[in-house]
Amino acid sequence: MILSMLAALPVILICLGVPIFIVLFAVSVGGMVALDLTSLKAVHSAIFGGLDSFPLLAIPLFILAGDIMAQGGIARRLINLITAVVGGVPGSMGVAAVGSAAAFGAMSGSSVACVAAIGNLTIPTLVKQGYGRRFSTSLIAATGVIDIIIPPSIAMILYAITAQVSVTKLFIAGVLPGLLIGLLLAIFVMIRARALDIRVVERPSPREVLAAAKAALWAVLAPVVIIGGIYGGVFTPTEAAGIACAYATIVSVYVYKELTWQGVWRIVTRSTVLIAQIMLLVAASTVFGWVITTSGMPQAFVAFIESLQLGNWQLLLIFNIVLLGVGSVLEPPPAILILTPLFAPVVAAAGIDPIHFGLIVTINLAIGMFLPPFGINLFAAHALFKVPLPDLYRGVLPFLAIYLFVLGLITYIPALTTVPVQWVR
Amino acid sequence: MTMQTAAAGISERREGTAGRAQRFGDFLSALCMQLSGIALAVIVTICTVNVIARYVFAHAFSWAEEAMVYCMIFIIFVASAAVTWKGSHLCLDLLLRKCPAFFQKAIVVGSTLASVALLLLLAHFSYDVVARLYRYGQRTEALEIPMWIPQGFVPAGLVLIALMMMLRLWTHGPLPHETDLSSEDFHL
């Protein structure tokens with residue numbers, strides 16, 4: 001009875017619009033009192049102990065780095081370079097949008113930022129070239145979530161910390177699925193461009209490509225420093241995020257001269273708001289996770305799942321459905337923080353690789369970001385680019401099919417995520 | 001309405017006590033963001049200097065990780081006060097917005113008061129732990145500063161958030177949380 005209440009209460013409170021961190025605190029305190037677990041003083045230790053973690057520091061730093069790169073001209077130069085490189089192929093502007101989202105993903109971990117940054121720079125051109133407003137905006141809403149899958153990803157960091165797996169290994173596992181999605185999206189855009197008879201933009205001359213490359217040299221080095229540093233073992237992900245902030249600041253202020261120190265300060269203070277939004281949730285979820293674990297709920301859940309005698313493929317199918325449903329109404333950070341403590345023991349008991357499962361969680365929640373009717377990227381695209389929601393619901397369907405196809409591959413071919421991790425090891 | 005204008009737009013300048021409370025809230029929110037910004041800048045500086053020191057001078061600062069993590073905890077609890085004042089905590093209010101206005105107001109008032117009570121309860125228990133650390137004079141491992149200082153960010157932050165919730169309810173009235181997607185502040 002108490003366990004059912006523990007499960008139902010957060011749903012009711014969340015639906016009533018109560019801030020999610022309050023819901024997590026309330027349910028945790030309610031659970032502690034109802035189950036007579038321990039003194040409420042343990043809440044303090046759970047909060048401080050949960051936050052006293054160096055890997056967690058990567059989240060605020062990647063948020064800041066992404067914001068400085070978006071505002072300081074680094075993201076724009078990367079997009080210009082990608083546009084120049086793919087110029088001349090059918091659907092080049094759409095392909096450039098996909099490539100830019102992937103590149104942006106390699107520098108930050110925030111999806112709506114990606115939609116805003118890439119959409120503002122590409123949608124007007126896409127519409128002018130004849131793709132139509134619905135297709136262009138849907139493309140951006142759907143490609144924006146690559147950001148969550150291509151490392152460094154805030155969602156992955158949160159999963160790694162909650163499930164106690166290596167952040168770096170999870171990042172490595174995310175590269176192939178992210179690139180695969182990017183490739184399939186690009187192919188689809190090219191097919192669509194042919195179907196719409198979009199005029200192929202003249203291939204830029206080598207001189208023009210060289211000029212774009214020269215202008216973007218420092219911008220290209222940003223993802224190189226981040227990814228190379230992490231995978232080369234030079235930095236931890238947290239240090240890479242810190243270096244990315246410093247690098248982006250120096251390049252934006254002194255090389256590109258698109259930000260003043262005053263502008264940097266504005267970005268820094270603004271980033272603290274987003275950092276607090278996410279990290280307060282992490283603080284509350286550490287208490288929630290502790291209560292869930294101590295209450296014996298995961299063991300009861302594991303026993304229940306075992307009693308169903310499901311095969312791993314059925315189990316993963318159920319997880320996919322649940323995660324898609326949750327992901328369409330909750331953003332990845334709260335969804336991961338709430339569900340991982342519950343799912344991780346079941347996954348371990350079933351002998352599923354936690355890194356493999358981490359990718360399944362990440363991709364599901366990324367899809368949830370543009371899954372009709374509640375996907376937050378749809379609302380963002382609607383608010384930013386003034387396209388009616390019903391149009392977006394229809395427009396994202398082909399992209400949804402691509403993501404679901406890759407999700408199926410990743411779910412049922414674990415080697416796609418586990419083998420690259422072994423290679424790098 | 002953007003989040004930045006949410007605070008300003010929904011609360012036209014008022015006179016008297018409510019006006020003073022609003023100005024106090026604005027001031028406190030701005031102060032929290034500035035202090036958090038300083039802490040974030042400190043983290044970036046320490047992180048960069050530490051990496052350079054390790055690779056160039058083969059020397060890393062043993063206290064660096066601890067200092068950065070404590071700065072992060074400071075940011076979380078102090079900047080959360082500004083988030084509360086802006087009404088920007090992550091929440092799902094689709095159902096709430098479908099309710100009749102009267103129920104919306106009742107739910108927001110009820111949930112705000114309950115949230116404040118919960119936060120103060122947690123702050124009370126958290127303070128007990130911090131006070132014990134203060135009495136024992138325990139120090140952190142690397143920085144060797146009194147342990148009650150970084151741990152004190154937790155109860156102080158919880159009280160600050162509760163205070164901002166009450167101030168917001170008083171000055172802005174029972175409004176649902178604003179997480180306006182068109183705002184340049186919102187980019188999760």
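The values are calculated or read from the model by the stated rules, or taken from the named source; none is laboratory data. Please read these numbers as outputs of a predicted model, since none were measured by experiment. Cβ: placed from backbone, ideal geometry, glycine included. Neighbour counts: every protein chain shown.
Data overview
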quantity: Among (1) surrounded by fewer than 24 Cβ atoms within 10 Å (Cβ to Cβ); (2) touching a Lys or Arg at 6+ places or on another chain (Cβ under 9 Å), the one test that A:LEU392 misses; calculated: (1)
quantity: Whichever residue in the range A:321-335 is part of a helix (DSSP H, G or I) and within 15 Å of A:LEU158 (Cβ to Cβ) and, among such residues, is modelled with the highest pLDDT; calculated: A:LEU323
quantity: Search result, residues across the range A:290-335 that are of a type in the set (Phe, Trp, Tyr), farther than 24 Å from A:ASP36 by Cα and buried (at least 20 other Cβ atoms within 10 Å of the Cβ); calculated: A:PHE319
quantity: Scan of the range B:63-93 for residues that are within 7 Å of another protein chain (Cβ to nearest Cβ), more than 18 Å from A:ALA240 (Cβ to Cβ) and either aliphatic (A, V, I, L, M) or touching a strand residue (DSSP E or B) at 6+ places or on another chain (Cβ under 9 Å) (or both), ordered by number; calculated: B:ILE73, B:ILE75, B:ILE76, B:ALA79, B:ALA82, B:VAL83, B:LEU90, B:LEU92
quantity: Failed item in (1) exposed (fewer than 13 other Cβ atoms within 10 Å of the Cβ); (2) over 25 Å from A:ILE226 (Cα atoms); (3) of a type outside the set (Lys, Arg), with B:PHE57 passing the rest; calculated: (2)
quantity: Residues located in the range A:35-54, provided they are farther than 19 Å from B:ASP128 by Cα, in contact (Cβ under 8 Å) with a residue 40 or more places away in the chain and more than 10 Å from every other protein chain (Cβ to nearest Cβ); calculated: A:LEU35
quantity: Members of the range A:69-78 that are at the interface with chain B (Cβ under 10 Å from one of its Cβ atoms) and either touching a residue at least 60 places away in the same chain (Cβ under 8 Å) or of a type outside the set (A, V, I, L, M, F, W, C) (or both); calculated: A:GLN71
quantity: Unique residue being farther than 30 Å from A:VAL95 by Cβ and either modelled with pLDDT of 95 or more or surrounded by 22 or more Cβ atoms within 10 Å (Cβ to Cβ) (or both) when the list is A:ILE376, A:ILE367, A:ILE338, A:ILE402; calculated: A:ILE338
quantity: Output for the range A:248-262, where each listed residue is in a helix (DSSP H, G or I), under 20 Å from B:ALA39 (Cα atoms) and modelled with pLDDT of 95 or more; calculated: A:THR249, A:ILE250, A:TRP261, A:GLN262
quantity: Options B:ALA106, B:ALA60: the member that is in a loop (DSSP other than H, G, I, E, B) and either at the interface with another protein chain (Cβ under 10 Å from one of its Cβ atoms) or not polar (S, T, N, Q) (or both); calculated: B:ALA60
quantity: Residue match in the range A:12-34 (condition: in contact with a helix residue (DSSP H, G or I) (Cβ under 9 Å, 6 or more places away or on another chain), surrounded by 16 or more Cβ atoms within 10 Å (Cβ to Cβ), within 9 Å of chain B (Cβ to nearest Cβ) and closer than 26 Å to A:ALA240 by Cβ); calculated: no
quantity: Residue among B:PRO146, B:PRO155, B:PRO150, B:PRO174 that is of a type outside the set (D, E, K, R) and touching a strand residue (DSSP E or B) at 6+ places or on another chain (Cβ under 8 Å); calculated: B:PRO146
quantity: From the options A:ALA97, A:ALA102, A:ALA46, A:ALA116, residue that is in contact with a Phe, Trp or Tyr (Cβ under 8 Å, 6 or more places away or on another chain) and of a type in the set (A, V, I, L, M, F, W, C); calculated: A:ALA46
quantity: Cβ-Cβ under 8 Å pairs, at least 6 apart or on other chains, the range B:14-36 side touching a residue at least 60 places away in the same chain (Cβ under 8 Å) and facing another protein chain (nearest Cβ under 10 Å), far side among the charged types (D, E, K, R) and assigned to a helix (DSSP H, G or I); calculated: B:SER29/B:LYS86
quantity: In the range B:83-97, the residues that are without any contact (Cβ under 8 Å) to a residue 60 or more places away in the chain and more than 17 Å from A:VAL11 (Cα to Cα); calculated: B:VAL83
quantity: The listed residue being under 16 Å from A:ALA155 (Cβ atoms) and within 13 Å of chain B (Cβ to nearest Cβ), out of A:ILE355, A:ILE338; calculated: A:ILE338
quantity: Contacts under 7 angstrom Cβ, first residue in the range A:381-406 being within 14 Å of chain B (Cβ to nearest Cβ), partner surrounded by fewer than 16 Cβ atoms within 10 Å (Cβ to Cβ) and of a type in the set (A, V, I, L, M, F, W, C), 6 or more apart; calculated: A:HIS382/A:LEU389
quantity: Identity of the residue in the range A:11-69, closer than 23 Å to B:ASP93 by Cα and outside any helix (DSSP H, G or I), that ends up farthest from the chain's Cα centre (by Cα); calculated: A:LEU16
quantity: Counted residues, the range B:114-141 - those being touching a residue at least 40 places away in the same chain (Cβ under 8 Å) and more than 9 Å from chain A (Cβ to nearest Cβ); calculated: 4
quantity: Test: residue in the range A:97-118 that is farther than 30 Å from A:ALA193 by Cα and touching a residue at least 24 places away in the same chain (Cβ under 8 Å); calculated: no
